[in-house]
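Asks: Take this structure first; my questions come after.
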């Protein structure tokens, strides 16, 4: 680690207020920084131009065609806005999947974030064995979406499942949760919340980044634990909370694997777990309507793009960046 | 370290609080881990028991699932573990390096069109992967990457070009949490953007790098669709692709061995995680901020 | 970004996108065409000793992979110039990978499909028409004629049956004998069967039968018994009325407690063998394919029996369990056909492959093979299928494009009725409305 530079007197000297540092900011050539910017950006730019952009644009083009996967790409016929029109006017499964996805994201995302933050706070302090605990809490997220997981989940939440066995202790009669169209989506939500490891790790890493002298200062000022949490932890953690919120929202809306695995790739029972991306997959890969699936994907991008933009625009009111840069 | 730094007042009442905290954690843990314990139990059940016995414990203890699973295919599972480990480790390196430099540019440097490129970067996160698979396959085939001597090229090259926008965004968020006074001071000392990157941002980005490493590894370890599409030879298969071979749902299935291998495949990722999360603990607080 | 969102508004934008697509498309086409031209000039069929590498792709289990390897090795021993590049996948992922290969012009020379996919691939000319090889390189004279027919789409011979199967009603023999209940028989009417099942439920507390209202193959047999069929060309061979009657029949069965509850039925509404209710112990009978008997047996300790589906057994037919197909784009079609011919007609190959892909299609070899079988479950399955073979009716056409949509929509419609969310009539009408436009 390059402790030497970070420890150099000038760094320590600069630990004053941001204002004084800004006043001393040298006006050195913006061109030089611009050039450096593009040099640092270049791997990403090459990846964008060479790998990401072409397939994206191709899928955009295909969304205006009747591309069917099995016929050559060159034979796909231009159909104008027909795919988009169909989505909004004559495909009932489309709106079913929108409803399923929105209710999933609205409930599962906040609960998952709350679970992740709660457990991260419990596991933040260093004590003997904390690493093992972190690992154990992360374990469910390690499984990914395997056939084994599907079998496990069905056996937890079907009529004879462990969850109903647990309810029976309290004399409650359960339901065939995972096989019941009224409850299958809820079992999917439970699965998503259960796999809270990823945002938990990000919260943990974020907590590590909070400079400890801020707590010491707050403590000297007589702030209790709750005050410290509200006035130090939350603001300092806000960039990471923001990141988790944005990414888990995107993930929530994109949720494919769990729905695919749990419903045996059908979105059943009776479309109750037909997530948007699962519907898109079935259209593109099972019915070979890739043109239509591409149109669904671009409408998705637009919708989630708007939601993300809203997050970014509200972010400036509650996300605290230590770099003092308002974007 | 962390244990030594919190205010002394908070440590004094620590013992009672520690017991309560541990009790709460153990309770949550029991619920969270039950499905996994069930999974381990099932990995010791025989074929007829798996479909009929829904309890945790096997009635007829069948450790043979592990040996059967390991040697179930012409190629032994050790090969799939090695393939997966290689792909995952190279992905970790690629993502960590390429996303870090891109994130530095977005987080700290001012250059024309920065806002535009940032929006594009976020935009690439939003398109569902399933409509990109075929266009990407066709593109990579033109590059001559598909079906070559070393079939992992199409899986790995993108990882070295920061195409995983998730990690770029993650690192941007972390870097923006680092006080700008540090780079300003380095600038006054005459450091170039490269110097700042090397001596200020790189050492301070450890939590972000560790997080990236953990996620890259785990997600690659579990990733199925791309590996399925690009790998065609049994001896090149990775764990997720090999795992599906146990189940031919309309024909023969080996569910017990599949469970056994699922349990085994969790071990490396679990150990990777436990090893790397230590580095999280030794994050920013020891890296010189306090002098 | 916003301009990218509305590409159709500007002509130039559209031209740009088409340009990108054109570049992406043109390159492989030129290279591909050049490669093809070169090979064709060599004339792979004229020089019998020219080294040929065939790519082979199919789905299955490790055991199938072994058996197939053995059979292909036998071919290689006789034709040393031919080598194979074999890829196999489980059925999870097989269709996805095959579609990706097809999209990029990389269809394997020799690949497998089933009647769920065949029309999709055939109508897009992914599969070669093998009619020109029939009678010379490809000997189908020992096949039951209906099995050859069941590989023909729009007059083209696109799939060669790798094996034969037919519908089979599998029941838990142990459960019935211990409770002194009669076993179901071939030819009993649906009504009699449902009454029998209700009796089983009362006596054993295990529901007498799986409710097959979501099962296209059971519905298909039932339709044929009513003098109708699932398809008539590119149309349905039935009306919403028929579907409603079918759903009502099973609603009656559920009311009589002949079947399990809707959530349990849902568990059985999958193709997975290990989830069939007869092996999970949640019903006494399941509607499956007769050749799946031996595999079902591996998941249960109880003895199993198998008969035809209820009703007139002549409504059943010799169905191709799966097909071998040759890629239309293959440079080595003749060699691929020769390999298929070997796999279905060579005694050593047929013996090696066994009943893994269904009963051998070649009737002479099937009879020879049947004598050598020792596994009791396998023996029973062959015996029942052979008994039925004498009663088989004419094979239906291969299901048209859109069949897979029909299958999944039938499950939804039936479950809507089972969970009490729709009347049989409403569910039937919705089903027809959704699937009709997709047929063709």
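Asks: Those residues that are within 14 Å of chain C (Cβ to nearest Cβ) and in a loop (DSSP other than H, G, I, E, B), I need them from the stretch A:161-187; list them, please.
Replies: Within the stretch A:161-187, A:161, A:173, A:174, A:175, A:176, A:180, A:181, A:182, A:183 qualify.
Asks: Just one of (1) in a helix (DSSP H, G or I); (2) in contact with a helix residue (DSSP H, G or I) (Cβ under 8 Å, 6 or more places away or on another chain); (3) more than 7 Å from every other protein chain (Cβ to nearest Cβ) trips up residue A:272, so point out which.
Replies: The one condition residue A:272 does not meet is (1).
Asks: With the structure loaded, tell me whether residue A:277 is more than 18 Å from residue A:63 (Cβ to Cβ), at pLDDT 90 or above and touching a helix residue (DSSP H, G or I) at 6+ places or on another chain (Cβ under 8 Å) or whether it fails that test. Quick ask: steps written out before the conclusion?
Replies: Values: more than 18 Å from residue A:63 (Cβ to Cβ): no; at pLDDT 90 or above: yes; touching a helix residue (DSSP H, G or I) at 6+ places or on another chain (Cβ under 8 Å): yes.
No; evaluated as a whole, the condition is false for this residue.
Asks: Oh, and also: Provide a single number: the residues in the stretch B:207-220 that are more than 8 Å from chain A (Cβ to nearest Cβ) and at pLDDT below 90.
Replies: 0
Asks: Of all residues in the stretch C:266-303, count the ones that are in a helix (DSSP H, G or I), under 20 Å from residue C:249 (Cβ atoms) and facing chain A (nearest Cβ under 9 Å).
Replies: Adding up the residues that qualify gives 1.
Asks: So, residue A:251, is that one part of a helix (DSSP H, G or I) and modelled with pLDDT under 95 or not? Break it down into steps so the answer makes sense when it comes.
Replies: Working: part of a helix (DSSP H, G or I): yes; modelled with pLDDT under 95: yes.
The answer is yes for residue A:251.
Asks: Determine whether the stretch A:298-314 contains at least one residue that is buried (at least 24 other Cβ atoms within 10 Å of the Cβ), in contact (Cβ under 8 Å) with a residue 60 or more places away in the chain and part of a helix (DSSP H, G or I).
Replies: Yes, the stretch A:298-314 contains at least one residue that is buried (at least 24 other Cβ atoms within 10 Å of the Cβ), in contact (Cβ under 8 Å) with a residue 60 or more places away in the chain and part of a helix (DSSP H, G or I).
Asks: Would you check which residues across the stretch A:230-276 are free of Cβ contacts under 8 Å to residues at least 24 places away in the same chain and more than 18 Å from residue A:111 (Cα to Cα) and list them?
Replies: A:230, A:231, A:232, A:265, A:266
Asks: Here is a list of conditions, (1) touching a helix residue (DSSP H, G or I) at 6+ places or on another chain (Cβ under 9 Å); (2) facing another protein chain (nearest Cβ under 9 Å), and residue A:261 meets all of them except one; can you say which number that is?
Replies: Going through the list (1) touching a helix residue (DSSP H, G or I) at 6+ places or on another chain (Cβ under 9 Å); (2) facing another protein chain (nearest Cβ under 9 Å), residue A:261 breaks only (2).
Asks: Does residue A:244 satisfy being within 14 Å of chain C (Cβ to nearest Cβ), within 30 Å of residue A:145 (Cα to Cα), at pLDDT 90 or above and part of a helix (DSSP H, G or I)?
Replies: Numbers: within 14 Å of chain C (Cβ to nearest Cβ): no; within 30 Å of residue A:145 (Cα to Cα): yes; at pLDDT 90 or above: yes; part of a helix (DSSP H, G or I): yes.
Against the criterion (within 14 Å of chain C (Cβ to nearest Cβ), within 30 Å of residue A:145 (Cα to Cα), at pLDDT 90 or above and part of a helix (DSSP H, G or I)), residue A:244 does not qualify.
Asks: Does residue A:132 qualify as being free of Cβ contacts under 8 Å to residues at least 12 places away in the same chain, surrounded by fewer than 16 Cβ atoms within 10 Å (Cβ to Cβ) and under 23 Å from the mean Cα position of the chain (by Cα)?
Replies: Numbers: free of Cβ contacts under 8 Å to residues at least 12 places away in the same chain: yes; surrounded by fewer than 16 Cβ atoms within 10 Å (Cβ to Cβ): yes; under 23 Å from the mean Cα position of the chain (by Cα): no.
Against the criterion (free of Cβ contacts under 8 Å to residues at least 12 places away in the same chain, surrounded by fewer than 16 Cβ atoms within 10 Å (Cβ to Cβ) and under 23 Å from the mean Cα position of the chain (by Cα)), residue A:132 does not qualify.
Asks: Among (1) surrounded by 21 or more Cβ atoms within 10 Å (Cβ to Cβ); (2) closer than 27 Å to residue A:280 by Cβ; (3) facing chain A (nearest Cβ under 8 Å), where does residue B:175 come up short?
Replies: (2)
Asks: Follow-up. List the helices (runs of 4 or more DSSP H) inside the stretch B:1-111, counting only whole elements, that have at least 1 residues being over 24 Å from the mean Cα position of the chain (by Cα), modelled with pLDDT under 90 and more than 30 Å from residue C:301 (Cβ to Cβ). Don't jump to the end; show me each part of the working.
Replies: On the way: elements: B:8-12, B:14-42, B:47-52, B:64-70, B:77-108.
Result: B:8-12, B:14-42.
Asks: Identify, by number, the condition in (1) farther than 19 Å from residue B:244 by Cα; (2) away from chain A (no Cβ under 11 Å) that residue B:101 doesn't meet.
Replies: Here residue B:101 meets the rest and fails (2).
Asks: Look at residue A:48 and say whether it is crowded, with 19+ Cβ neighbours inside 10 Å, at pLDDT 95 or above and at the interface with another protein chain (Cβ under 8 Å from one of its Cβ atoms). Steps first, please.
Replies: Numbers: crowded, with 19+ Cβ neighbours inside 10 Å: yes; at pLDDT 95 or above: yes; at the interface with another protein chain (Cβ under 8 Å from one of its Cβ atoms): yes.
For residue A:48, the condition - crowded, with 19+ Cβ neighbours inside 10 Å, at pLDDT 95 or above and at the interface with another protein chain (Cβ under 8 Å from one of its Cβ atoms) - is met.
Asks: Additional query: Go over the candidates C:428, C:349, C:413 one by one and state the one that is outside the structural domain of residue C:247 (by TED's automatic domain parsing), crowded, with 18+ Cβ neighbours inside 10 Å and touching a residue at least 24 places away in the same chain (Cβ under 8 Å).
Replies: Answer to the selection: C:349.
Asks: Also, I was wondering about something else. I'm trying to understand the selection: among the residues of the stretch C:362-385, which are without any contact (Cβ under 8 Å) to a residue 24 or more places away in the chain and surrounded by fewer than 19 Cβ atoms within 10 Å (Cβ to Cβ)?
Replies: C:367, C:368, C:370, C:371, C:372, C:373, C:374, C:376, C:379, C:383
Asks: Mind counting the residues in the stretch C:344-387 that are part of a loop (DSSP other than H, G, I, E, B) and in contact with a strand residue (DSSP E or B) (Cβ under 8 Å, 6 or more places away or on another chain)? Lay out the reasoning, then the answer.
Replies: Kept after step one, since they are part of a loop (DSSP other than H, G, I, E, B), are these residues of the stretch C:344-387: C:346, C:354-355, C:357, C:360-362, C:373-375.
Now restrict to residues that are in contact with a strand residue (DSSP E or B) (Cβ under 8 Å, 6 or more places away or on another chain): C:355, C:357, C:360-361.
Qualifying residue count, the stretch C:344-387: 4.
Asks: Condition first: assigned to a helix (DSSP H, G or I) and at the interface with another protein chain (Cβ under 7 Å from one of its Cβ atoms). Now tell me which residues in the stretch A:275-288 satisfy that. Break it down into steps so the answer makes sense when it comes.
Replies: Step one: list which residues in the stretch A:275-288 are assigned to a helix (DSSP H, G or I), which gives A:276-286.
Residues satisfying the conditions are A:277, A:280, A:281, A:284, A:285, A:286.
Asks: Only helices (runs of 4 or more DSSP H) wholly contained in the stretch B:172-276 count here; list those with 1 or more residues that are farther than 30 Å from residue C:279 by Cβ.
Replies: On the way: elements: B:181-188, B:193-196, B:206-222, B:225-230, B:239-244.
In the stretch B:172-276, the matching helices (runs of 4 or more DSSP H) lie at B:181-188, B:193-196, B:206-222, B:225-230.
Asks: Are there any helices (runs of 4 or more DSSP H) wholly within the stretch A:43-142 with 2 or more residues that are farther than 22 Å from residue B:122 by Cα, and if so which?
Replies: Details: elements: A:53-62, A:82-89, A:92-122, A:130-142.
Counting at least 2 such residues, we get A:82-89, A:92-122, A:130-142.
Asks: Looking at A:284, A:315, A:267, A:324 in this structure, which one is at pLDDT below 95 and over 30 Å from residue B:184 (Cα atoms)? Talk me through it step by step, then tell me what you get.
Replies: Working: A:284 fails: at pLDDT below 95; A:315 fails: over 30 Å from residue B:184 (Cα atoms); A:324 fails: over 30 Å from residue B:184 (Cα atoms).
A:267 is the lone residue from the list that is at pLDDT below 95 and over 30 Å from residue B:184 (Cα atoms).
Asks: State whether the residues of the stretch C:215-235 include one that is closer than 22 Å to residue A:159 by Cα and modelled with pLDDT of 95 or more. Quick ask: steps written out before the conclusion?
Replies: Within the stretch C:215-235, the subset closer than 22 Å to residue A:159 by Cα is none.
Looking through the stretch C:215-235, none of the residues is closer than 22 Å to residue A:159 by Cα and modelled with pLDDT of 95 or more.
Asks: Additional query: Taking the condition of being touching a helix residue (DSSP H, G or I) at 6+ places or on another chain (Cβ under 9 Å), assigned to a loop (DSSP other than H, G, I, E, B) and over 21 Å from residue C:412 (Cβ atoms), how many residues in the stretch C:224-244 meet it?
Replies: So the first thing to find is which residues in the stretch C:224-244 are touching a helix residue (DSSP H, G or I) at 6+ places or on another chain (Cβ under 9 Å), and the list is C:224-226, C:228-231, C:235-244.
This time we only want the ones that are assigned to a loop (DSSP other than H, G, I, E, B), so: C:226, C:228-230, C:237-239.
Keeping just the survivors that are over 21 Å from residue C:412 (Cβ atoms) gives C:226, C:228-229.
Final tally of qualifying residues: 3.
Asks: Could you please let me know if residue B:238 is more than 10 Å from chain A (Cβ to nearest Cβ) and modelled with pLDDT of 95 or more?
Replies: Values: more than 10 Å from chain A (Cβ to nearest Cβ): yes; modelled with pLDDT of 95 or more: yes.
Answer is yes for this residue.
Asks: A further question follows. Kindly indicate the residue of the stretch C:48-75 that is touching a strand residue (DSSP E or B) at 6+ places or on another chain (Cβ under 6 Å), more than 9 Å from chain B (Cβ to nearest Cβ) and part of a helix (DSSP H, G or I) and also nearest to residue B:250 (Cα to Cα) among those meeting that condition.
Replies: So, considering only residues that are touching a strand residue (DSSP E or B) at 6+ places or on another chain (Cβ under 6 Å), more than 9 Å from chain B (Cβ to nearest Cβ) and part of a helix (DSSP H, G or I), the one nearest to residue B:250 (Cα to Cα) is C:67.
Asks: Any chance you could count how many residues in the stretch C:100-120 are surrounded by fewer than 24 Cβ atoms within 10 Å (Cβ to Cβ), within 19 Å of the chain's Cα centre (by Cα) and either modelled with pLDDT under 95 or part of a loop (DSSP other than H, G, I, E, B) (or both)?
Replies: Counting residues in the stretch C:100-120 that are surrounded by fewer than 24 Cβ atoms within 10 Å (Cβ to Cβ), within 19 Å of the chain's Cα centre (by Cα) and either modelled with pLDDT under 95 or part of a loop (DSSP other than H, G, I, E, B) (or both) gives 3.
Asks: Among (1) closer than 30 Å to residue A:298 by Cα; (2) facing another protein chain (nearest Cβ under 8 Å); (3) surrounded by fewer than 16 Cβ atoms within 10 Å (Cβ to Cβ), where does residue B:111 come up short?
Replies: Of everything listed in (1) closer than 30 Å to residue A:298 by Cα; (2) facing another protein chain (nearest Cβ under 8 Å); (3) surrounded by fewer than 16 Cβ atoms within 10 Å (Cβ to Cβ), residue B:111 misses just condition (3).
The values are calculated or read from the model by the stated rules, or taken from the named source; none is laboratory data. None of the values given here were measured: they were computed from a predicted structure. Virtual Cβ from ideal backbone geometry, glycine too; neighbours counted across all protein chains shown.
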